[in-house]
Amino acid sequence: MEVQWFRVELPRLGPHHTAVGLIFSMLLGVWSVQALEMSVGKIPFLQAVNGSTVMLPCTYASCIGIQDLYFNWQFNDNGTMQKVCDSLKVNEGVEPHVDIYRERVEFIGKNINNNVSILLWNITFEDGGQYTCFGRNPKEKGRNGSAIFHLIVVDELRVVDNRLTILIASVVGGAIASIMFFIWMKTFVIFVLSKLEERKKECLVSSSGIDNTENGLSGSKADSKPTPKKK
């Protein structure tokens, strides 16, 4: 039995097809970055005193808006994720009904600035740990996002000793001031020396003119002797 091999050549893409493919890739890239974004702020941790009330911040952002947005808060209890609260937000104009699963928790996000923050009342040491704010937006084909916030519970807040920082700042400031003073003094000395040099040159030129006059050179006022007459 004879086996025959066939070679199939793929059609080459012309400039038009290449441009279309590039545009499609760019659109696909833009669409891929339009996922729901959850944020707990620039500082994702908080140190609070035992027995106080704290806020765990979280906001969401979507480039194309939301529809039936599902969000929740979860607490990492030694590796086990425990749900704190969750809800379904139909759209921007409807305040969600939030289900609470832990004591001393209050939802304060309401409908302000895409806010889904919560309050923890009378916190204890057991409340300290990692909290995750999660969201999923069906309008973005079910894409989701999450952000982690750390809560640290302490007996009392420690007073930060800023003496070392102040000392370092004073030393650096003094060094900068010394450098600036040295530069100013150097500039002043150069200026004075340049003025003295100019005055010295003026004195030399003046004295040279006086010598020429006394020696009866060109431009002097010395009387010339009369030409003797022929007899």
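Nothing in this text is a laboratory measurement; each read-out follows from the coordinates by a stated rule. Here the structure is a predicted model, which is why all the values come from computation and not from measurement. Quick reminder, even Gly has a Cβ in these numbers, built from the backbone with ideal geometry, and neighbours come from all protein chains shown.
One table, with the values for the structure above:
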| item | result |
| --- | --- |
| Around F125: net Lys/Arg minus Asp/Glu count, Cβ-Cβ under 14 Å | -4 |
| Proximal charge balance of N91 [Cβ under 11 Å; K/R count +1, D/E count -1] | -1 |
| Residues listed by number, the stretch 135-159, amide nitrogen under 20 Å from Y101 label point at 7 Å toward C-beta | 135-138, 144-151 |
| Theoretical FRET efficiency, 1/(1+(r/R0)^6), r = Cβ-Cβ of A35 and W184, R0 45 Å, to 0.05 | 0.20 |
| Loop-resident sites, the stretch 74-137, for trypsin sites (Lys or Arg not before Pro), counting at most 14 other Cβ within 10 Å (DSSP) | R102, R104, K110 |
| Packing-based order for 36-42, 153-159, 62-68, using average beta carbon neighbours within 10 Å, highest first | 36-42, 62-68, 153-159 |
| Net charge over other residues, Cβ less than 14 angstrom from the Cβ of V189 (K, R count +1; D, E count -1) | +1 |
| Rounded FRET efficiency, nearest 0.05, which uses the C-beta distance separating I168 from T124 and R0 of 25 Å | 0.05 |
| Karplus (6.51, -1.76, 1.60) ³J(HN,Hα), θ = phi - 60°, over the stretch 121-138, in Hz, Gly and Pro reported as x | 8, 6, 5, 10, 5, 5, 7, x, x, 9, 10, 10, 9, 10, x, 9, 10, x |
| Whole-Hz couplings from phi, Karplus 6.51/-1.76/1.60, listed for the stretch 77-88; x for Gly and Pro | 9, 6, x, 9, 7, 9, 6, 8, 6, 7, 6, 10 |
